[in-house]
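What follows is a single structure, written as structure tokens, with notes after it.
The values are calculated or read from the model by the stated rules, or taken from the named source; none is laboratory data. These numbers come from a predicted model, not from an experiment. Glycine also receives a Cβ, built like all others from the backbone with ideal geometry; neighbour counts cover every protein chain displayed.
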Amino acid sequence: MTVNYVRLAEIDHLASGSHQDHDAMCVMEAVAYVAGEPWSDHPECACPVITEFTTAWNDSLNDADRQRLVPYISRLVGTRSSVAVETRRGRLCSDWLIRTFTPAWLRLAGMVEDAAALEGLGDTSRMSAGEISERVTPIVSAAVSAARSAADSAADSAARSAARSAALSAARSAACSAARSAACSAADSAADSAADSAARSAARSAALSAAYSAARSAACSASAAALQPVAHRLQTSAFALLDQLIDAGTEL
């Protein structure tokens, strides 16, 4: 699959959502366009795991940040690969949620030890189901309990409701939904065993629960504005994750 660089040069703006024609396009519609495929936001030339990641992230970013995806259009052409590569990419997304995304919110909420414990786990994408259960699950479970306790005691119910909305908004813009969608997409066609997939899914869900609770706690004790610097740092990290997802096609 080759890139039509004439068409690529036409693209100077990416829009949110799906579209009916070339007047506006999201990042994956742009990929289909430059690859010469029929109009779609799920082009055949692109890895479905990466497609899930970029489609969700494209729509959660603000307009200015979304344009940072433009240089990726040509790189996404030809990323479709084997089931093993899709599985590897899904594992990378789960690892990012556990060791990067969740600790960032825990640290903001003052749960430094829990954050450090998750960051120090080592590459969970390379772990077996047994290792996930033995090493990851206890740490994530402890972080969930601590974060929920902090969120519940941070403020009254009205403040918690406002903080919940702020936390969810910040998390989405920081690629949380994108990484989770990609990990789930990979699980649907995984080369992993059922036990591996179940262990990773449980660890990923628990980590996200801890992250949301920590973000709500931080928003209650400080302000919703305190969430934005963390979301911005995580956005930058998510671009590095997208680089990893693309490069994973050459690993196996």
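Key figures for this structure:
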| read-out | value |
| --- | --- |
| Residue within region 127-144 that is more than 25 Å from Ser197 (Cβ to Cβ) and buried (at least 16 other Cβ atoms within 10 Å of the Cβ) present | no |
| Check on Asp196, buried (at least 16 other Cβ atoms within 10 Å of the Cβ), under 15 Å from Ser125 (Cβ atoms) and modelled with pLDDT under 85 | no |
| Test: Ser161 is modelled with pLDDT of 90 or more and out of contact with any strand residue (DSSP E or B) (no Cβ under 6 Å at 6 or more places or on another chain) | no |
| From Ala115, Ala151, residue being in a helix (DSSP H, G or I), over 19 Å from the mean Cα position of the chain (by Cα) and either at pLDDT 95 or above or of a type in the set (A, V, I, L, M) (or both) | Ala151 |
| Residue within region 56-69 that is assigned to a helix (DSSP H, G or I), more than 26 Å from Leu234 (Cα to Cα), without any contact (Cβ under 8 Å) to a residue 60 or more places away in the chain and out of contact with any helix residue (DSSP H, G or I) (no Cβ under 6 Å at 6 or more places or on another chain) present | no |
| Any hit, region 236-248, residues being out of contact with any Pro (no Cβ under 6 Å at 6 or more places or on another chain) and at pLDDT below 90 | no |
| Matching option when the condition is in contact (Cβ under 8 Å) with a residue 24 or more places away in the chain, in a helix (DSSP H, G or I) and in contact with a Lys or Arg (Cβ under 8 Å, 6 or more places away or on another chain), among Ser133, Ser125 | Ser125 |
